[in-house]
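The values are calculated or read from the model by the stated rules, or taken from the named source; none is laboratory data. This one's a predicted model, so the numbers in the text were calculated from it and none came from an experiment. Every residue, glycine among them, receives a Cβ derived from its backbone with ideal geometry; neighbour counts consider all protein chains shown. Areas reflect the complete protein model, heavy atoms only, side chains present, ligands, DNA and RNA absent. Shrake-Rupley method; radii C 1.70, N 1.55, O 1.52, S 1.80 Å.
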Amino acid sequence: MKENQYPLVHELTHSVLGYGNNFDRSSGYFTQEGFADYMEEIYGKTKTSSHQFMKYFMDSNKLIPISKLIDPNQDDSYFRPDLTNTEQLNTLRWMSYTHSASFIKYLIDTYGIEKFEQIYNEKDLVEKIEDVYGKSVGELENDWLVFINNQTGLTYEEKSEVGYFYKVNSVIIQIDPKYFTKE
């Protein structure tokens with residue numbers, strides 16, 4: 001969704017780390033896209049934090065359950081949505097990347113990069129996360145959401161600087177609510 005910005009660091013992260021094994025997506029998109037966005041946030045030209053956007057999504061009641069983003073049977077619906085409305089497609093994809101980046105940033109900042117490396121691009125991500133972190137995905141998600149709830153949201157100035165914020169905001173409210181409900 002970043003108009004007039006090419007996410008160079010994001011794409012270089014894919015180039016350096018590979019994207020699965022020869023672009024095999026059988027391990028899903030969650031760690032690959034989330035980590036690439038995390039790297040873009042740290043080393044790119046981004047001025048806003050994925051946590052700030054997550055605070056906005058939380059306050060707007062537009063959270064995508066992490067369980068859906070890491071489920072290999074559902075992740076295509078979020079990272080590669082099959083929507084006819086291009087604005088909704090791009091916005092839902094951007095939201096999925098942002099959720100992934102924020103969750104991964106939380107994991108790395110809270111538990112260290114070494115633990116994250118153990119789950120990066122792994123199959124059976126739910127089991128791998130539980131093994132590595134000693135908590136269920138639901139427990140980690142709840143911890144992350146408590147953390148997000150305590151974050152500072154986007155200021156008016158930051159919303160204006162983002163450039164696409166208000167346009168995206170009008171698209172988000174049009175996206176089918178099923179994408180934001182837990183099962």
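Give the residue that is nearest to G163 (Cα to Cα), with candidates limited to residues of segment 37-68 that are touching a residue at least 40 places away in the same chain (Cβ under 8 Å) and among the aliphatic types (A, V, I, L, M).
The residue in question is M54.
Can you say whether F53 is under 11 Å from the mean Cα position of the chain (by Cα) and modelled with pLDDT of 95 or more, as far as the supplied structure shows?
Here the answer is no, as F53 does not meet what is asked.
Could you check segment 174-183 and list, in sequence order, the residues that are open to solvent by 50 Å² or more (accessible area, probe 1.4 Å), touching a residue at least 24 places away in the same chain (Cβ under 8 Å) and either over 9 Å from Q88 (Cβ atoms) or of a type in the set (D, E, K, R) (or both)?
Selection gives T181, K182, E183.
Does G134 fit the bill of being open to solvent by 20 Å² or more (accessible area, probe 1.4 Å), farther than 20 Å from K55 by Cα and at pLDDT 95 or above?
yes
Every residue, every condition in (1) assigned to a loop (DSSP other than H, G, I, E, B); (2) more than 15 Å from the chain's Cα centre (by Cα); (3) touching a residue at least 60 places away in the same chain (Cβ under 8 Å), yes or no:
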site	(1), (2), (3)
S100	no, no, yes
K123	yes, yes, yes
V126	no, yes, no
E130	no, yes, no
L145	no, no, yes
V168	no, yes, yes
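Checking F57 against (1) open to solvent by less than 20 Å² (accessible area, probe 1.4 Å); (2) within 11 Å of K105 (Cβ to Cβ), which test does it fail?
(2)
Of the residues that make up segment 23-36, is at least one modelled with pLDDT of 90 or more and under 18 Å from K182 (Cα atoms)?
The answer is no, given that none of the residues of segment 23-36 is modelled with pLDDT of 90 or more and under 18 Å from K182 (Cα atoms).
Name the residues in segment 132-143 that are of a type outside the set (S, T, N, Q) and assigned to a helix (DSSP H, G or I), would you?
Those that are of a type outside the set (S, T, N, Q) and assigned to a helix (DSSP H, G or I): V132, Y133, V137, G138, E139, L140, E141, D143.
Per-residue answers, yes or no, for (1) at pLDDT below 95; (2) in contact with a Pro (Cβ under 9 Å, 6 or more places away or on another chain); (3) part of a helix (DSSP H, G or I):
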{"residue": "P81", "(1), (2), (3)": "yes, no, no"}
{"residue": "L89", "(1), (2), (3)": "yes, yes, yes"}
{"residue": "D109", "(1), (2), (3)": "no, no, yes"}
{"residue": "E114", "(1), (2), (3)": "no, no, yes"}
